[in-house]
């Protein structure tokens with residue numbers, strides 16, 4: 001199988017924030033949702049997803065609490081905090097800027 | 001709560017924090033396994049693949065932990081715990097080592113203090129370079145006399161104190177500036 005494409009640095013945090021902006025979710029759910037929404041293009045290894053979650057937790061953008069999953073398993077659910085929403089907006093804007101710049105180079109170079 | 005406060009809390013409640021992480025990763029693995037089974041994979045194969053997909057659970061945990069706690073700090077903690085445990089296991093060795101070190105360091109330190117105090121440091125009063133040591137020697141036998149003779153003691157007493165100037169001459173407040181010391185007998189003739 002072809003290796004999943006590398007994300008731009010910092011992009012995973014942005015995607016995680018975006019996914020959690022809709023509803024609270026556990027780690028596995030986030031990975032699944034990312035895969036679904038990107039039509040299977042973006043697959044995140046757990047080895048980068050969990051550090052990302054811990055990073056966002058550490059910086060106060062997320063909160064975590066244990067709850068019961070769909071199958072009645074104990075799962076850790078992540079919720080976006082107020083700071084997280086602000087961060088999402090800021091990172092989104094920054095990302096759009098970067099993508100626009102890249103596109104511009106691609107088109108005009 | 002600021003970043004370092006959250007980190008500190010993670011550090012203090014480390015066991016709790018670690019348990020959460022391990023359990024979370026295990027939950028993830030189990031969910032994945034379940035999904036793989038539902039796609040028709042044999043349970044054994046599903047388990048194996050779920051484990052493989054999670055990368056190495058331990059490694060994922062390490063990476064996630066490293067976000068909070070500098071890994072080198074954690075490994076110092078481990079080293080210290082390991083050292084303490086080994087010391088406890090082998091008492092005789094520990095005591096020998098500690099004593100050897102203690103005596104070695106103690107001896108070196110006191111030797112240094114003595115040498116420093118007697119040879120290197122100036123004496124702890126004004127004009128230490130002018131202090132002199134007086135000795136009285138019997139001119140016939142060359143033996144050191146046990147005490148100063150009466151007249152010498154009287155002279156000393158009269159001057160109260162004596163000062164040395166130069167390496168081989170004496171002077172005192174009311175003396176002629178320099179008296180040759182080589183021939184002093186009795187103490188400072190002509191002073």
Note to self: I'd like the mean, over residues of B:41-49, of how many other protein chain beta carbons sit within 10 Å of each residue's own Cβ.
What the structure shows: 0
Next item on the list: Could you work out how far apart the two model spin labels at residue B:5 and residue A:79 are, taking each label as a point 7 Å from the Cα in the direction of the beta carbon, and quote it in nm?
Entry: 1.9 nm
Note to self: Counting only other chains, and only Cβ atoms inside 10 Å, what mean value do you get across the residues of A:50-63?
What the structure shows: 5
Check: By count of other Cβ within 10 Å, fewest leading, how are B:94, B:39 ordered?
Finding: B:39, B:94
Item checked: Average beta-carbon neighbours from other chains, 10 Å sphere, peptide B:17-30 -> 4
Next item on the list: Mark the label point 7 Å from the Cα of residue B:73 along Cα→Cβ and return the residues of the stretch A:35-79 whose backbone N is within less than 19 Å of it.
Entry: A:51-61
Note to self: With Kirkwood's inverse mean 1/r over C-alpha pairs for Rh, give me the Rg to Rh ratio of chain A, two decimals please.
What the structure shows: 1.02
Next item on the list: Over the alpha-carbon set of the stretch B:3-89, divide Rg by the Kirkwood Rh and report the Rg/Rh ratio to two decimals.
Entry: 1.14
Check: What is the helix-to-structure angle for A:11-22, meaning the angle in degrees between its Cα long axis and the longest Cα principal axis of chain A, kept from 0 to 90 and rounded to the nearest 10?
Finding: 50 degrees
Check: To the nearest 0.05, what FRET efficiency results for residue A:21 and residue B:22 with a Förster distance of 35 Å applied to their C-beta separation?
Finding: 0.80
Next item on the list: Kindly put B:113, A:47 in sequence by how many other C-beta atoms sit within 10 Å of each C-beta, fewest to most.
Entry: B:113, A:47
Next item on the list: List A:11, B:97 from most exposed to least, where exposure is judged by having the fewest other Cβ atoms within 10 Å.
Entry: B:97, A:11
Check: Could you give the angle, 0 to 90 degrees to the nearest 10, between helix A:46-58's Cα long axis and the longest principal axis of the Cα atoms of chain A?
Finding: 80 degrees
Next item on the list: With everything on Cα atoms, drop me the angle between helix A:27-37 and the longest principal axis of chain A, reported from 0 to 90° to the nearest 10.
Entry: 40 degrees
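None of the figures in this text is laboratory data; all of them are computed from the coordinates on show. Note that the structure is a prediction, hence the values are computed from the model and not measured. Quick reminder, even Gly has a Cβ in these numbers, built from the backbone with ideal geometry, and neighbours come from all protein chains shown.
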